[in-house]
Amino acid sequence: MNSIKLVKKMLLSIVVPVYNEEDNVEKFYEEVIKAIQTIDMDYEIIFVDDGSKDATPLMLSRLTQLDEHVRALILARNFGHQLAITCGMDHAQGDAVITMDGDLQHPPMMIPDLVKKWQEGYEVVQTIRLATDDANLLKRMTSKWYYKIINAISQVDIVPGGSDFRLIDRKVLETFMLFREHDRFIRGMMGDIGYKRTMIQFVAPPRYAGKSKFSPRKMLRFALDGITAYSTMPLRASLYVGLLSGLLSVLLIIHVLYCKLVGTAAPGWATTMIVVSLVGGLQLIFLGIIGEYIGRIFEEVKRRPLYWIRAELGHHRK
Ligand code: UDP
Ligand code: MG
């Protein structure tokens, strides 16, 4: 038993989604190699190119030729950060798997710290972003409030500042791979999945090069996914508000009837307008909420693959 362990070192997989990161991949690779020298593990670096339009795939192809530890999965188009991570995780062969961004905002120097926690027996090592040096006030505030709201209305515990920079054990990965929803919020899924967890804090430095790939539209979509995937509270809230406005309208009808009976029936234009616009507005809001859920149900029932791969570069172990 022991002799087998001696021949074959444990394998660490590092999964990196990249989208138009031509100015970052080389630097990222160098930093990871530096960090990994201190660990006594075999390793593979899996880049997932999320439909980049720049020279990123070319640079990845070069890296796979230079270093047999590097693999690259080139997706057929842009699937988004969460699905790119998922693709990399599905292909990881490691006993432990680290996911991290390729723009150096998740410091590669921390890799040995994550591995150390894993060796101590933790199965999920989650990092917590204390602050992002270059995030503007709006991003910081919206992020803070978003986590407050999502924790208040959903059943799972999502740590504020939780990022997708984490290490998971093979066991956790096997479980995670059974979760095949399209609209995914991996932070929430990891909170749901259990296992023995610990946290490490870090301060995210500014991006090494390039700009954030998250447009406000993508951020909003991601934020909504987090809520609809983990809470039906907005739907229930719509029922409560509906009941409340129903009750109010009963009171109003009584009032109107009373006025009619005592003969002081006013023209009533103002009341009518208020009620009509208020109730109309509420209905539109809640139709919208229901629509968000139905849209997501529609996406899931199509049962399409989560992503598809145009090319696979580099070697597999074994
Ligand atoms: N990314 C991706 N697909 C996307 C958007 C981003 O694979 O559609 C990658 C990106 O290349 C980076 C990581 O996900 O490695 C995080 O993205 P970014 O740095 O733009 O996000 P931010 O740090 O601004 O939240
Ligand atoms: Mg970033």
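Among the listed residues Leu239, Leu167, which satisfies the condition of being more than 30 Å from Leu282 (Cβ to Cβ), more than 16 Å from ligand 1 (Cβ to nearest atom) and either at pLDDT below 85 or crowded, with 16+ Cβ neighbours inside 10 Å (or both)? Outline the logic, then answer.
Numbers: Leu239 fails: more than 30 Å from Leu282 (Cβ to Cβ).
Criteria check complete, one pass: Leu167.
Would you confirm, using the coordinates I've provided, whether Ile128 is part of a helix (DSSP H, G or I), of a type outside the set (D, E, K, R) and under 30 Å from Met233 (Cβ atoms)?
Working: part of a helix (DSSP H, G or I): no; of a type outside the set (D, E, K, R): yes; under 30 Å from Met233 (Cβ atoms): yes.
No, not satisfied.
With the checklist (1) free of Cβ contacts under 8 Å to residues at least 60 places away in the same chain; (2) over 20 Å from the mean Cα position of the chain (by Cα) in hand, flag the one item Met110 doesn't pass.
Of everything listed in (1) free of Cβ contacts under 8 Å to residues at least 60 places away in the same chain; (2) over 20 Å from the mean Cα position of the chain (by Cα), Met110 misses just condition (1).
Taking the condition of being small (Gly, Ala, Ser), at pLDDT 95 or above and either under 18 Å from the mean Cα position of the chain (by Cα) or within 16 Å of ligand 2 (Cβ to nearest atom) (or both), how many residues in the stretch 63-99 meet it?
Total satisfying the criteria: 2.
Only residues in the stretch 196-211 that are closer than 16 Å to Lys27 by Cα and assigned to a strand (DSSP E or B) count as the first member; pair them with residues that are within 13 Å of ligand 2 (Cβ to nearest atom) and of a type outside the set (A, V, I, L, M), Cβ under 6 angstrom, at least 6 apart or cross-chain, and list the lot.
The qualifying pairs do not exist here.
So is Val15 out of contact with any Asp or Glu (no Cβ under 8 Å at 6 or more places or on another chain), hydrophobic (A, V, I, L, M, F, W, C) and over 25 Å from Lys117 (Cβ atoms) or not?
Answer is no for this residue.
The values are calculated or read from the model by the stated rules, or taken from the named source; none is laboratory data. Since the model is a prediction, treat every value here as computed from it, not as a measurement. Note that we place each Cβ from the backbone using ideal geometry, even for glycine, and neighbour counts take in every protein chain shown.
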